[in-house]
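Taking it in order: structure first as structure tokens, then the write-up.
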Amino acid sequence: MEAFDPAELPELLKLYYRRLFPYGQYYRWLNYGGVIKNYFQHREFSFTLKDDIYIRYQSFNNQSELEKEMQKMNPYKIDIGAVYSHRPNQHNTVKLGAFQAQEKELVFDIDMTDYDDVRRCCSSADICSKCWTLMTMAIRIIDRALKEDFGFKHRLWVYSGRRGVHCWVCDESVRKLSSAVRSAVVEYLSLVKGGQDVKKKVHLSEKIHPFVRKSINIIKKYFEQYALVDQDILENKESWDKILALVPETVRDELQQGFQRHSNSLQRWENLKNIINKYQKNNKNDKCGPWLEWEIMLQYCFPRLDINVSKGINHLLKSPFSVHPKTGRISVPIDLQKVDQFDPFTVPTISSICHELDVISTKEEKEKGAESDIKPRTRDYKKTSLAPFVKVFEQFLENLDKSRKGELLKKSDLQKDF
């Protein structure tokens, strides 16, 4: 893969926005079938240009206007905001207080830096295959709940381009939710609570909610390989002391002795489960149930959401197909059927797809003959490794279209007089 050099970004972005960005699909998404008048026209876009120049309240009449502006500005980053009561680019002309955010997708932002207290392989902006499993578990847990517990159908998961993932819930009813309801949804999905000073961040009651049980079942599939092998969370005294801080004092001494007798995390975890089990049988009233080991599993593996991103309707979030200026990676949609296979390190960079396009264009130039006039021109992105990710996006749009048509049919049936 072509190495990414940030110094080349301005030139690469020109090519990317001119020939590779999937404008058609992008407009089709945010226009939502053109069912609601001025829905796309009232949407806020924000561009970050070179040297962190930040332009908010951009809005466009149609796809072609959006294309022209993006090709003129070549933004380093694109953020998507809410659909407002008026056109965002005219917000200064609107009477004070009248310009209001009215609708937006329900969004979630999960960032690897929020797990720094439980990651042992990397910290801050760094990620590796050993900690990426945290994102895999997060997608599986949150997506299952959005689909099964809330009944949300249209969920677009996107890689941020560096160290996290975003989710856009696009159902029509969801886009209309108030800030209070959004907060309630995020609250339901949050189990890890407390800042850096709080050692024990998960507290379960004896009555375990089905959401917690189902989340534990997902974590169990990954826990041994992720926590005990890759992260080696009970490797030495320094690491196991963090876990001992999460259990009642009554069992700490026995666990400490047991951990010293065993030689690896797998054995020590088994030892912890046995001791907790024994205490559970002997002390019916003690706060020491099977949920104790679950609390540890949840603290180390459960998704950590940025609550503010989800609850504010006017909160901006990085757009799919934006380019990460530090890694050069494209913010690509994630195929929910292949979450376990998704590897952030194989996501195309802007350098790699621009290089692929150059190679193919040169080859096509050489082969230009009589037959090339007859052949229909393939879309440029289809000639690069961006193609499969655009396909995932198209599949998502297909489902949105189907359900919109279904709703319209239902409405017209209800309006008919029989």
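The values are calculated or read from the model by the stated rules, or taken from the named source; none is laboratory data. What you see is a predicted model, and the numbers here were worked out from it, not measured in a lab. With ideal geometry, Cβ positions are generated from the backbone for all residues, glycine too; neighbour counts draw on all protein chains shown. All accessible areas refer to the heavy atoms of the entire protein, side chains included, with ligands and DNA or RNA removed. Shrake-Rupley method; radii C 1.70, N 1.55, O 1.52, S 1.80 Å.
Things worth noting here:
- Gyration tensor verdict on the range 127-168 (Cα atoms; rounded if a/c is under 1.5, prolate if a/b is larger than b/c, oblate otherwise): oblate
- Alpha-carbon radius of gyration plus Dmax, which is the widest Cα pair, for the range 193-301 in Å: 13.5, 36
- Of the peptides 106-119, 206-219, the ranking by mean beta-carbon count within 10 Å, highest at the top, reads 106-119, 206-219.
- For Lys50, the lysines whose Cα comes closer than 26 Å to its Cα, not counting residues fewer than 8 places off in the same chain, are Lys14, Lys68, Lys72, Lys77, Lys318, Lys326.
- The range 220-284: radius of gyration and largest Cα-Cα distance (Dmax), Å: 11.7, 35
- For the chain, the C-alpha radius of gyration sits at 1.14 times the compact-globule guess of 2.2 N^0.38 Å, with N the residue count.
- With the helix formula -39500 (n - 2.57) applied to DSSP H stretches of n ≥ 4, the chain reaches a computed 222 nm mean residue ellipticity of -13000 deg cm²/dmol.
- Alpha-carbon centroid distance for the pair the range 1-78 / the range 241-277, whole angstrom: 53
- Percent carbon-and-sulfur accessible area, the chain, ignoring ligands, DNA and RNA, probe 1.4 Å: 49
- Placing +1 on each Lys and Arg Cβ and -1 on each Asp and Glu Cβ, with no other charges, gives the range 193-301 a dipole about its Cα centre of roughly 500 debye.
- For the range 298-350, applying the loop criterion from DSSP together with a ceiling of 16 other beta carbons within 10 Å to the trypsin sites (Lys or Arg not before Pro) yields Lys326.
- Legend: calculated FRET efficiency, Arg404 to Arg144, from the Cβ-Cβ distance at R0 = 22 Å, rounded to 0.05, equals 0.35.
- Net length available on complete extension from Glu224 to Ile36 is 62.8 nm, with 0.36 nm assigned per residue and the Cα-Cα distance removed.
- Inter-label distance for Asn277 and Tyr188, nm, one decimal - labels placed 7 Å from Cα along Cα-to-Cβ: 3.5
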